[in-house]
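The structure under discussion appears below in the form of structure tokens.
Bear in mind that the values in this text are calculations on the coordinates, not laboratory data. These figures come from a predicted structure and were not determined experimentally. Please note: Cβ atoms are built from the backbone with ideal geometry, for glycine as well, and neighbour counts cover all protein chains shown.
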Amino acid sequence: MSSPIDDIKQRLDLVDLIQEYVKLNPAGSNFKARCPFHNEKTASFMVSPEKQIWHCFGCSAGGDHFEFIKRVEGVEFPEALRILAKRANVKLEYHDPEQHNQKTRLLDLLRDLAEHWHEVLLNSPAAQPVRDYLAQRQVSPESVDAFQLGYAKDAWDDAIQFLQNKKYSLREIELAGVSKAGDKNKPYDRMRNRLMFPIRSIHGNTVGFTGRTMAKEFTGGKYINSPQTEVYNKSLILYNLDSAKQEIRRQDYAILVEGNMDALSAFQAGTKNVVAVSGTALTAEQIKLIQRFTQNVMIAFDADVAGTKANLRGIDLAWQAGLNVKVVHLPKGQDPDDLIRQSAEKWKEALRTARNFMDYVFEVTLSDLDVARVDHKKQAAKKLLAVIGKLGDAVEQSHYLKKLAAILEVTEAALAKTLEQVAVKAKKPKADRPLPEAAPLINHNQSVAERLLALALRFPEYFAEVLKHLEPAEILFAPAMNLYKAMIIYYNKEHNLDLPELEAFVEAESKDYLNRLSLLIDQEALDLTTRELQREISQLTKRLKKESLNIQLREIPQLIFKAEQANDAEAVNRLSERFSVLTSQLNEL
């Protein structure tokens with residue numbers, strides 16, 4: 001009987017899974033990409049469809065489906081198992097209470113509550129005013145189902161009673177953000193008489209809710225979100241991303257709106273690549289979520305909100321992170337939902353005519369300044385030059401300097417001089433800017449050794465030449481050295497390097513390493529001539545020997561000093577002679 005782990009691996013293709021996070025390109029029989037776990041300019045992240053493994057030759061990260069999800073989602077194995085089981089439609093049976101941990105219980109609770117509120121909306125007489133409201137807002141039954149809209153009754157403990165009947169404790173209900181303590185610590189429902197929007201993680205797990213009040217008179221916000229919990233952090237969530245991610249990847253851009261109803265209306269209008277920030281300012285974490293699927297974003301915030309400093313900071317944050325940003329112009333006083341209900345075609349036209357980030361910054365900056373006044377000219381120049389200075393392209397800088405000079409009626413030379421004085425150090429980052437938690441890069445010896453071994457495995461006819469010049473001890477990275485030793489033994493016995501037979505020959509530890517190394521084989525030397533290939537193998541061999549010699553040479557002076565301190569003349573002479581021999585060998589390379 002197979003385990004859930006085996007079932008998941010059989011049902012989920014690793015390439016398809018990773019492509020949800022990273023753009024993969026073919027590399028022989030494998031796929032490659034720039035690693036999502038550290039900053040790199042040259043792709044060293046490899047995925048094998050045949051072996052269903054991945055490995056990065058830049059940071060040494062690697063493994064299977066579970067290891068990838070653990071790293072990319074920042075979760076432990078139980079949560080990675082849950083994520084993949086849901087995706088693979090594999091049912092998990094929990095026999096150990098420790099395995100069915102608190103986080104899992106909270107996710108189950110929120111899933112059950114979303115289903116309950118959805119059922120109430122569809123069938124309860126108490127929800128008739130909400131159904132009428134949705135019809136008036138032109139929300140279709142299909143959208144009600146697709147977004148699993150619900151209704152929290154106008155009752156103090158409807159949700160609490162439902163969840164207690166489902167065997168959830170009061171403590172769990174509170175930890176999920178569903179209830180809070182009232183007088184004498186008696187719990188009551190946080191959401192009452194509200195249209196409910198389930199908030200889902202990127203994998204489709206319900207983690208919280210947004211509730212819109214249905215009361216004509218109310219205290220507090222018209223829209224309120226669940227409080228932050230163990231499973232819900234609003235800064236890490238984009239509403240509707242779980243449904244929109246594939247369409248975002250397909251169209252290669254995301255539409256970013258402010259509210260949940262904006263996202264729903266845009267979805268109904270046929271723009272399926274839409275996500276919402278759910279009333280928060282755009283965060284760096286949300287930008288990273290978008291960058292998993294595209295480098296292009298159109299931002300369509302409420303016209304009365306988009307110009308505020310908080311939202312401008314968020315838009316600037318997206319631009320600074322390397323996203324190609326466009327801003328959608330909406331009629332004053334309207335949000336996307338208003339515009340779409342008025343005319344879906346006007347919405348699509350607004351998307352077609354979206355302005356680029358710099359034009360938007362010019363408009364917002366100049367909107368409350370009178371550039372006929374000298375002091376306002378200086379303010380405009382200071383603000384806009386700070387942004388222009390971050391542009392990494394000289395042509396772009398020149399274009400916007402010329403534009404600003406024309407608006408302010410000053411010379412480009414004056415602005416260029418001011419730009420130098422501003423001395424903006426930060427250039428606009430590219431998409432491959434360093435990640436906050438980049439994995440440490442492996443040492444140089446490892447990358448050189450792995451490239452050499454990959455070449456030898458791909459072109460075994462050159463292995464004899466490597467054997468003549470490279471000793472195992474000159475490879476300082478232990479897994480590569482051990483594999484090289486095994487390759488030597490196998491080659492001396494069989495006089496070839498047949499990869500499948502070599503895999504069967506080596507010990508388990510080296511076999512795992514060989515499997516990872518096989519990911520590198522297909523991308524090596526695909527376009528090298530015979531002469532270039534010979535030169536490359538020779539240079540890699542020399543680099544390994546040089547590094548080994550340099551390390552030995554750096555150690556000898558200290559050993560000589562210790563020998564002198566011990567008055568060991570014989571050791572001093574022996575070490576001095578050794579130093580001369582190694583120096584001579586290094587000079588010959």
Quick note on HIS65, HIS469, HIS495, HIS38, ordering by fewest other C-beta atoms within 10 Å, gives HIS495, HIS469, HIS38, HIS65
Counting DSSP beta bridges in the chain, what percent are antiparallel, to the nearest 5?
75 percent
Taking the Cα-to-Cβ direction at GLU507 and at ARG11 and moving 7 Å from each Cα, how far apart do the two end points lie in nm?
3.9 nm
Loop-only trypsin sites (Lys or Arg not before Pro) in the stretch 318-376, please: DSSP not H, G, I, E or B, and at most 13 other Cβ atoms within 10 Å.
LYS332, ARG373
Degrees between helix 394-408 axis and first principal axis of the chain (Cα, 0 to 90, nearest 10):
30 degrees
Bin width 5 Å, origin at 0, all Cα-Cα pairs of the stretch 253-384: what percent of pairs per bin?
2, 11, 21, 23, 19, 13, 6, 4, 2, 0
Candidates for Rg/Rh (Cα atoms, Kirkwood Rh) are [x] 1.21; [y] 1.08; [z] 1.19, and the calculated one carries label [y]
Given only helices, namely DSSP H runs of n ≥ 4 each adding -39500 (n - 2.57), what is the per-residue ellipticity at 222 nm of the chain, to the nearest 500 deg cm²/dmol?
-16000 deg cm²/dmol
For the chain, which cysteines have no disulfide-compatible partner, meaning no other cysteine Cβ under 4.7 Å?
CYS59
Mind checking which aspartates and glutamates have their C-alpha under 15 Å from LYS41, skipping anything on the same chain fewer than 8 residues away?
ASP432
Chymotrypsin sites (Phe, Trp or Tyr not before Pro) within the stretch 1-101: which are DSSP loop residues with at most 14 other Cβ atoms inside 10 Å?
TYR94
Loop-located GluC sites (Glu not before Pro) in the stretch 475-509, at most 13 other Cβ atoms within 10 Å (DSSP):
GLU507
Take the residue pairs LYS180/LYS245; LYS153/LYS186; LYS32/LYS91; LYS9/LYS245; LYS288/LYS403 and return only those whose Cα atoms are more than 27 Å apart.
LYS180/LYS245; LYS32/LYS91; LYS288/LYS403
Tell me the label-point distance for the pair GLN128, VAL410, using the 7 Å Cα-to-Cβ offset, in nm and rounded to one decimal.
6.7 nm
How much length, in nm to one decimal, is gained on full extension between GLN379 and GLU363, taken as 0.36 nm per residue of separation minus their Cα-Cα distance?
4.4 nm
With each label point set 7 Å from Cα along the Cα-Cβ vector, what nm distance links ALA181 and VAL371?
5.9 nm
For a paramagnetic label modelled at 7 Å from the Cα of ASN356 toward its Cβ, which residues of the stretch 310-329 fall within the zone defined by backbone nitrogen distances under 17 Å?
316, 318-329
